[in-house]
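Data block below; observations after.
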Amino acid sequence: MKITEFLKHNFRHFNAAALIDAAEGYKTHLDNNGKMMVTLAGAMSTAELGISLAEMIRQDKIQIISCTGANLEEDVFNLVAHDYYERIPNYRELSPEQEQDLLSRHMNRVTDTCIPEMEAMRRIENVILEEWVKADKAGECYFPHEFFYKILLSGKLDASFQIDPKNSWLLEAAKKNLPMIVPGWEDSTLGNMFAGHVIAGDVKNVHTVRTGIEYMIFLAEWYTQNAKDESTIGFFQIGGGIAGDFPICVVPMLHQDLQRDNVPLWGYFCQISDSTTSYGSYSGAVPNEKITWGKLGLNTPKYIIESDATIVAPLIFAIVLDQ
């Protein structure tokens with residue numbers, strides 16, 4: 001039995017039914033000539049969402065991605081250092097002393113998975129620093145994701161791949177030069193490293209890596225060009241946080257700050273979140289609240305699935321991919 005057949009037979013009520021509805025809405029949106037933004041919060045790359053996300057990119061089911069700096073870099077960490085990762089199934093039972101031991105071994109824990117600092121973070125730092133310095137000396141500036149595209153497409157890391165490269169979503173995005181937004185990149189391991197290299201004088205111009213405001217300007221231009229009455233942009237939000245909160249604001253910004261009245265609202269909205277529904281939390285706010293902010297319309301298809309994105313997202317992707 002295909003995954004889709006199994007899900008449609010068994011997932012009939014509550015959050016399970018919402019999953020089916022959201023997946024079918026995703027397909028309908030694309031079938032109606034729509035495009036889709038996917039936003040990645042949390043540690044989806046370390047959760048290896050790339051296994052299913054990369055296939056979505058290959059099959060043109062995603063037209064633009066917004067992600068945290070952590071998700072941007074952690075997909076590459078996993079690509080080049082997977083064999084050195086450690087999984088800790090009993091992470092809930094760790095004592096402070098055991099956590100200290102992980103620190104002493106330079107193992108940075110993300111829930112049940114430890115990222116090896118030397119094999120992952122420092123290896124990528126050495127490679128990307130060359131690109132930062134090269135761009136800095138040439139007086140050039142690039143977005144954070146563009147630096148990653150450069151090193152992935154250069155072949156410099158190919159010999160270090162420790163997973164099947166088809167499971168790296170960022171590598172697939174680089175091959176397609178997929179538009180990307182990385183708000184708050186400064187709040188990431190490499191963002192911290194970049195700050196350190198600017199302080200140390202290795203990089204002279206702090207703007208060698210372009211900023212979040214520039215990302216919003218780029219998104220405003222991209223959205224204006226791609227969102228037409230017959231081709232609206234959908235918003236598929238995995239988790240909460242800045243990866244979703246930042247890009248969804250481009251529509252009210254275009255309407256209210258630039259006074260453009262010919263820009264369509266987001267044409268589809270789905271959020272997978274385990275945040276408690278609340279009208280005091282952006283991540284936990286139900287979709288209808290977004291109507292009051294000029295982000296979604298009265299008739300925008302809206303879905304919220306209150307569950308773990310590491311479980312739900314691959315299942316929705318399977319349905320969208322007709323698996």
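The values are calculated or read from the model by the stated rules, or taken from the named source; none is laboratory data. Just so it is clear, the structure is predicted and the values come from calculations on it, not from any experiment. Using ideal geometry, Cβ is built from the backbone for each residue, glycine included, and neighbour counts are taken over all protein chains shown. Ligands, DNA and RNA are excluded from the accessible area calculation, which covers all protein heavy atoms including side chains. Shrake-Rupley method; radii C 1.70, N 1.55, O 1.52, S 1.80 Å.
General observations
- Partners for K302 among lysines (Cα-Cα distance below 28 Å; same-chain residues under 8 apart left out): K2, K8, K27, K35, K61, K228, K290
- Computed label-point distance, nm, for sites N299 and R260 using a 7 Å Cα→Cβ extension: 2.3
- Overall form of the stretch 160-231: oblate. Here a/c, set by the Cα gyration tensor axes a ≥ b ≥ c, is 1.5 or more, and a/b is not larger than b/c.
- Annotation: extensible slack from K166 through I51 equals 40.6 nm (criterion: 0.36 nm per residue apart, minus Cα-Cα distance).
- Charged-residue dipole, Cβ positions (Lys, Arg, Asp, Glu), the chain about Cα centre, Debye nearest 20: 680
- For E306 and E99, the FRET efficiency from 1/(1 + (r/R0)^6), where r spans their Cβ atoms and R0 equals 22 Å, is about 0.15.
- Cα-based reach from K150 at 18 Å (exclusive), listing aspartates and glutamates while leaving out same-chain residues under 8 positions away: E73, E74, D75, E125, E130, E131, D136, E140, D158, E172
- Rounded, prolate or oblate (a/c below 1.5 giving rounded, otherwise prolate when a/b exceeds b/c) for the stretch 1-86 by Cα gyration tensor: prolate
- Using 0.36 nm per residue and subtracting the Cα-Cα separation, the extra length available between Q323 and K156 on full extension is 56.7 nm.
- Our estimate of slack between H9 and D229, defined as 0.36 nm per intervening residue step minus the Cα-Cα distance, is 75.7 nm.
- With every protein chain in place, the chain: carbon and sulfur % of accessible area (1.4 Å): 51
- Anisotropy class of the chain from Cα gyration tensor, a/c 1.5 cut: oblate
- In this rough spin-label picture, where each label sits 7 Å from Cα along the Cβ direction, the K204-K137 distance is 1.1 nm.
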